[in-house]
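Enquirer: Dropping the structure in here first, questions after.
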Amino acid sequence: MTARVVNLDSAHREVRDLLPWFVMGTLDEAEQRLVDEHLKACAACRGELEWERQLREANRVALPERDVDRAFAALRARLPAQPREVPLFERLRDLGERLLSPAWMRPMLALQAVAIVGLAVALWAGRMPAAAQEHTYRALSRPAAAEPARVVVAFTPQTSLGEMRRILLASDARIVDGPTAADAYILAIAPERLDAAVQRLRGESSVLLVQPLEAKAAQ
Amino acid sequence: MLERIARGDMRAFETLYRAYFARLARFIERTTRRPELVEEILNDTMFVVSTSAHKFNRTSKASTWIFAIAYRKSLKALRDVDDPVEADDALEAVPDTDAIEPRDEVMRTQLRRILTEAVDALSANHRAVIELTYFQEAGYREIAEIMGCPIETVKTRMFHARRRLKALLPERLEDIL
Ligand SMILES: [Zn+2]
């Protein structure tokens, strides 16, 4: 008997706390059922429900409208100017073509294009940060020769020069080309440091994109 | 959308801005009840959205993420202007009931006004729960995410807000209800 009273009481409290979202229809099905059942038996909660409806109505008051154009213009002035109308895919493709134009690199074009398309797809799908990225890059192989590896990086538009410099120094990287039309830079990194550098670059919050480019050894 | 914004796509950003403007302005105004600060807080919020879009991890809805930023910015603005966020004893602001006339339409309007004033007298985090629940139609789990607090805290805040509203409303009004 006592146990049953306690149960009823805790059910009452649970339902009472859920009533605002019950009135709004934002509970899940099981909760909705729980409240429905309890309301049949509890006059207090039914009274509470009436009050909830009043609250909901009272909160529907309209506020004066604001000028979105003016507000956006104010914010726009604070954001860095950067016309970026070209879709990412085209930017990456152009970048790939530019990088791969020397004759000796031409055989790699197809392979590289596949990697770049894969990257673009991963970006569009929003799976860049974790698994997809790891997966994509493992498919590319490392250079056999001791000449520097090349890596494409893009920084967030807000990255300062000082920050960029710090990141480059920390990664043992030199800029060898860029900024490209796509606002990316090509870094040269000693092959034996490539893995560590790529990992480090990917850990930087102001680095948007890290793409090792060497595919020579794959041939 | 946030992925395009992360890459600096200004058109995507403007679309998002316009889509959220009215909802966010309202949420900020109801949470802070500082109309003069609303646009500044809103633009601070959207500035963070534009610069941190690449940090958005899809574990929550985009709207939850954006409202969470707006909530933090609202609380910060209140602290900056020394408006208490937690303190809950604004009882001086009890609405005046003498103005109520016993005619239906008038009564309804008065009731709304009084309830609105009563909500204004709550603390900022209580106002935020009320606004998110009744106007933005968010469930309590989403509200917990936005406010960065446990689900139980949301329920407790809501319960206290309701109790306080009742206490703030004069007896005569309770009869009307
Ligand atoms: Zn009950």
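None of the figures in this text is laboratory data; all of them are computed from the coordinates on show. These numbers come from a predicted model, not from an experiment. Backbone-built Cβ (ideal geometry, glycine too); neighbour counts: all protein chains shown.
Enquirer: So what's the net charge close to residue B:16: Lys and Arg +1, Asp and Glu -1, counting the other residues with Cβ under 14 Å from its Cβ?
Expert: Around residue B:16, the charge tally is +4.
Enquirer: Moving on to the next point. Averaged over its residues, how many other protein chain Cβ atoms are within 10 Å of peptide A:25-37's Cβ atoms?
Expert: Counting Cβ atoms of other protein chains within 10 Å of each residue's Cβ and averaging gives 1.
Enquirer: Now a separate question. Please give every one of the lysines within straight-line cross-link reach of residue B:61, meaning a C-alpha to C-alpha distance under 20 Å, and leave out same-chain neighbours fewer than 8 residues apart.
Expert: B:73
Enquirer: Relative to a virtual label point 7 Å from the Cα of residue B:166 in the Cα→beta-carbon direction, which members of region A:18-50 show backbone nitrogen distances below 12 Å?
Expert: Under cut-off, by backbone N: A:44-50.
Enquirer: For region A:149-218, list log₁₀ I(q)/I(0) at each q in 0.19 Å⁻¹, using the Debye formula over Cα point scatterers of equal strength and ignoring solvent, two decimals each.
Expert: -0.67
Enquirer: Another question, then. Quantify how strongly other chains surround peptide A:67-80 by giving the mean number of their Cβ atoms within 10 Å of each of its Cβ atoms.
Expert: Whole-number average of other-chain Cβ neighbours for A:67-80 is 5.
Enquirer: Say each of residue A:77 and residue A:192 gets a label point 7 Å from the Cα, pointing the same way as Cα to Cβ; how far apart are those two points in nm?
Expert: 5.5
Enquirer: FRET efficiency for residue A:53 and residue A:163, Cβ-Cβ distance as r, R0 = 41 Å, nearest 0.05?
Expert: The computed FRET efficiency comes out at 0.15.
Enquirer: What lysines could a cross-link reach from residue B:166, if we take a straight Cα to Cα line under 19 Å and drop same-chain neighbours fewer than 8 places away?
Expert: B:155
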